[in-house]
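The values are calculated or read from the model by the stated rules, or taken from the named source; none is laboratory data. For clarity, every value in this text was computed on a predicted model and none was experimentally measured. Here the Cβ is made from the backbone with ideal geometry for all residues, glycine too, and neighbour counts use every protein chain on show.
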């Protein structure tokens, strides 16, 4: 008791101050996490469908999603586009007789060049692995000529 008498209330004030500081730190952390959007007590996010995402973004279409090998028709009774997809070692090329519409690289490749009638995939690890594609058209049907180059 003599120690408490000599120190007075100072140790109790220090302990109380630490407790208040710890409680405030926890409250600030919880409020900060809540502001960011991931509260400590919130349940995990619920998965939503692709259709729900389109609706949420305001770009939902009335037609079902199309595969890359088909292009949308331009209206009732209008002919569908003749776009076709072509698999190559460097990736997939979607083209019609007018131009290359899209290129999607395979794993380990990246798109190096793309214009209306030709494109090139290059290896990510080795820049010397090249897959060049050139668009041609025969009888209204698109064709892709593929050249593979290894330096």
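Number of residues in the range 11-37 that are surrounded by fewer than 10 Cβ atoms within 10 Å (Cβ to Cβ), at negative phi and at pLDDT below 80: the value is 2. For the range 69-78, the criterion of being modelled with pLDDT under 70, outside the structural domain of residue 97 (by TED's automatic domain parsing) and in contact with a strand residue (DSSP E or B) (Cβ under 8 Å, 6 or more places away or on another chain) is satisfied by at least one residue. Among the residues of the range 120-151, the ones that are within 16 Å of residue 83 (Cα to Cα) and in contact with a strand residue (DSSP E or B) (Cβ under 6 Å, 6 or more places away or on another chain) come to 8 in all. Of the listed requirements (1) at pLDDT below 75; (2) surrounded by 10 or more Cβ atoms within 10 Å (Cβ to Cβ), residue 59 misses just one: (2).
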